[in-house]
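The values are calculated or read from the model by the stated rules, or taken from the named source; none is laboratory data. A quick note: this is a predicted structure, and the numbers were derived from the prediction, not measured. Virtual Cβ from ideal backbone geometry, glycine too; neighbours counted across all protein chains shown.
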Amino acid sequence: MTTTFTDETRERAREIIARYPADRSRSALLPLLHLVQAEEGYVSPAGVTFCAEVLGLNKAQVGAVATFYTMYKRKPTGDFLVSVCTNTMCNVLGGQEVYDTLVEHLGVGHDETTADGTITLEHAECLAACDYGPVMTVNYDFFDRVDPSTAVGVVDELRGGGRPMPTRGARLCTLKEMAVQLAGFADERDGAVADGGPGEPTLRGLRLAQEHNVSVPGFDPNTPIRSKAEADKAAAEAKAKAEAAKPAPVEASAAPVKGGDGASAPTPGNAGAGEPAPAAASGSTAPDVKAPDDKSPQVRTAETRQPDAGTAVPDAPGTKVPTDSTAPEPRDARSAEAAGVAANEPAGDGKPAGDEAGAQERNLTEAKAGTDADGAGPADASETGAQK
Amino acid sequence: MTTPRPETLAKLTPVLTKRWLSPDAWRIGTYEQLDGYAALRKALKAHPDDLIQLIKDSGLRGRGGAGFPTGLKWGFIPQGDGKPHYLVVNADEGEPGTCKDLPLMTHDPHALVEGVIIASYAIRASRAYIYIRGEAVHAARRLRNAVQEAYDKGYLGRNILRSGYDLELVVHSGAGAYICGEETALLDSLEGFRGQPRLRPPFPATHGLYASPTVVNNVGTIASVPPIVLGGADWWKTMGTEKSSGPMIYSLSGRINNPGQYECSMGVTLRELLELAGGMQPGHNLRFWTPGGSSTPLLAAEHLDVPLDFEGVAAAGSILGTTATQIFSDQDCPVYATYRWLEFYHHESCGKCTPCREGNYWMVRVYRRILSGQGTHEDLDTLLDTCDNILGRSFCGLGDGATSSVTSSLKYFKQDYLDYIEGRTAPKLSEKTLVGAH
């Protein structure tokens, strides 16, 4: 199957692959998918084939990745992608209203493009600008504090051929031009990098500090970095001191909440103790196991997720966590991994990364031989198992 | 607007944010005039082990949500093992409510680049990656520009500042998947796979990127490194609390007069933050808030004086998370807010594990039923039961996070649920949105 990609795109593809270690070219897949969008406006079956060819993967492997990420579009898009945040904060501040207004005004729904090919509309999840909510982006550059009428103004200007200036971020380019940047290339437009100073919410805390002359005292940029020998000596002294005053550390650990208003700070001991038993509210079918402590379940789970030197993980084999600050012992995992590798022939899509290139080439040749015979249907990227 | 009291103003600690007021700080020339790359020069003269010790001494903890001690993490990297080491910066900011890393990378990108070089030197990595959220295009523009400037000036590449140390740094844009903020999913995504979390152990410290020892740190964590190298561990510990040292960028949003970024000493309280932010908007009274993004259990008005550090928030039954403080008032409905967050987790669940994929799918439908006035008392038990089956049983923290707002809103605001179920609150969703709820 032939692809139509230009020499420029092929040259860029080589540049992208060269960014990653020679035997880890698959790392280039995400930027390459952005790159094919830069030429076609979406990830087409041809785009999938192109990525597969240049990386020595098969199309199923590329399609599986392309369908996982929301920024890879699977049908042609307009010149401008208008994304309205409708996650909770923007939503309650009016984002939902903005989105609903645009749906009606443009006559398209989520992930749909206007008939003139100008605008693709979508509702987006949190765009990380909650202090400016409700926000909307055009090709991912921000329009802050929008309301239905400003949003309609922006899309009308876009449809009329104008390029409204984002509140923060650079002057607008087309979605295809943006995809080149997403593939990791510099924004070559004169002045684009300098566009977009910080907005007031970003600077608010700083301005307060400046107005009232607040700074952190005692900053000396020439403070020496202690060498290990000095640090060891200091640690030994500290230890000696601690042993001399035995009860002190116990007292410290019994008062974990510090630095705030000590009187009103809740302590772990009484958190929840004054409230009715939470179990009463639950008709849960989960077995009624007594909690090992009175922490909130979320806190306890979070601690288990991030084991540190002091967290034991009792029920997972090979998960002995060291009790001092040395590295976790990798031997158990390594021998288990070696046994697993010995027992299982690697599949084409196996991990860790760095697929066996020979097998893929064989697959590709076979696939080519098969499809060339009648020139029939290459796998459609959109049918390779969407997850979302 | 009244001026905050001096003792409240004293909680402000502009360290990571201090250069944002200089409009050109993103250019290397301006950055160099503002202490820029001084920490790197200093660090390259020190032994890498001494830098790791310095970070341990400072008590710096991860700024991405979990609060793992950074120096300890760096120390886990086995040295002299003959394998390549990697530093990966998690710049996939996407936790609802969180908006601290994007301004940092946009207005002070060199602070991150300098931190990357020092951290890589400390763990003996010769390649580093910044995995930045795809949608963060302007931050990525500035960051790529900064990386190029750093190469041109000899801060990156071969033989950095004639120290003999080499480092390659690549800015890698994601493609719109919240799950890639989970460190092992991020590594898979960076390797060119679907961003799905890996089973741990082995941990990234030994089997991370390309199965090699890898440190994954948040933007704020790495940007904290240069000031610690310059000012020292003791200076750093003058801020914050005993176990949560240093400054933290608190991102305030919602029903307040002046939403925005407030960098404060860790352990500041919401009451103090509200004072800095000019109080609640007229006609709004604080009802519920998240201490650190939507994955942390909601807190209520009674928690105004909880110290916002890792221990203080945990003692109050929630998690400090990313210090994304979203503030809601008595005019906002906790049931609807939770529903909207669940739509998010349902959309972003990667599909790898059943509890998260199915649990969120069904909880969204239960919420739609409740909000359209067709809920039953049994639905509340169903929600709690589903949460029981997701929390701690899903593959990664995304599933855990989804349960936070459900269980906490049921704990504090059960009456709001009952009002929908028993018909005292008008339905918020129309029946046409009810698909497959029964």
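For this structure, a couple of remarks:
- Residue match in region B:33-45 (condition: surrounded by fewer than 20 Cβ atoms within 10 Å (Cβ to Cβ), more than 8 Å from every other protein chain (Cβ to nearest Cβ) and farther than 20 Å from residue B:166 by Cβ): yes
- Within region B:310-362, restricting attention to residues that are over 24 Å from residue B:418 (Cβ atoms) and basic (Lys, Arg), the residue that is surrounded by the most Cβ atoms within 10 Å (Cβ to Cβ) is B:352.
- With respect to the conditions (1) facing chain B (nearest Cβ under 7 Å); (2) modelled with pLDDT of 95 or more, residue A:226 lacks only one, and its number is (2).
- Residue in region B:394-404 that is touching a Ser or Thr at 6+ places or on another chain (Cβ under 6 Å), under 21 Å from residue A:86 (Cβ atoms) and part of a helix (DSSP H, G or I) present: yes
- Evaluating residue B:323 against the criteria (1) in contact with a helix residue (DSSP H, G or I) (Cβ under 7 Å, 6 or more places away or on another chain); (2) in contact (Cβ under 8 Å) with a residue 24 or more places away in the chain leaves one unmet condition, (1).
- Of the helices (runs of 4 or more DSSP H) that lie entirely inside region B:44-160, those containing 3 or more residues that are under 25 Å from residue B:173 (Cα atoms) and either over 24 Å from the mean Cα position of the chain (by Cα) or assigned by TED's automatic domain parsing to the domain that holds residue B:31 (or both) span B:70-75, B:101-107, B:109-123, B:137-152.
- Test: residue in region A:132-140 that is in a loop (DSSP other than H, G, I, E, B), closer than 22 Å to residue A:88 by Cα and among the β-branched types (Val, Ile, Thr): yes
- Where residue A:197 falls short, out of the listed (1) within 8 Å of chain B (Cβ to nearest Cβ); (2) buried (at least 16 other Cβ atoms within 10 Å of the Cβ); (3) within 30 Å of the chain's Cα centre (by Cα): (2)
- Qualifying residues in region B:249-270 (those that are outside any strand (DSSP E or B), at the interface with chain A (Cβ under 7 Å from one of its Cβ atoms) and on the phi < 0 side of the Ramachandran plot) - the one surrounded by the fewest Cβ atoms within 10 Å (Cβ to Cβ): B:258
- Index of the failed condition, residue A:52 passing every other in (1) farther than 29 Å from residue B:345 by Cβ; (2) outside the structural domain of residue A:20 (by TED's automatic domain parsing); (3) small (Gly, Ala, Ser); (4) touching a residue at least 60 places away in the same chain (Cβ under 8 Å): (2)
- The condition of being buried (at least 24 other Cβ atoms within 10 Å of the Cβ) and either within 23 Å of residue B:11 (Cβ to Cβ) or not assigned by TED's automatic domain parsing to the domain that holds residue B:301 (or both) holds for only one of B:231, B:176, B:208, that being B:208.
- Qualifying residue in region B:418-436 (condition: crowded, with 19+ Cβ neighbours inside 10 Å, within 12 Å of chain A (Cβ to nearest Cβ) and out of contact with any strand residue (DSSP E or B) (no Cβ under 8 Å at 6 or more places or on another chain)): no
- Lone unmet requirement of (1) surrounded by fewer than 18 Cβ atoms within 10 Å (Cβ to Cβ); (2) without any contact (Cβ under 8 Å) to a residue 40 or more places away in the chain; (3) more than 23 Å from residue B:135 (Cβ to Cβ) for residue A:23: (2)
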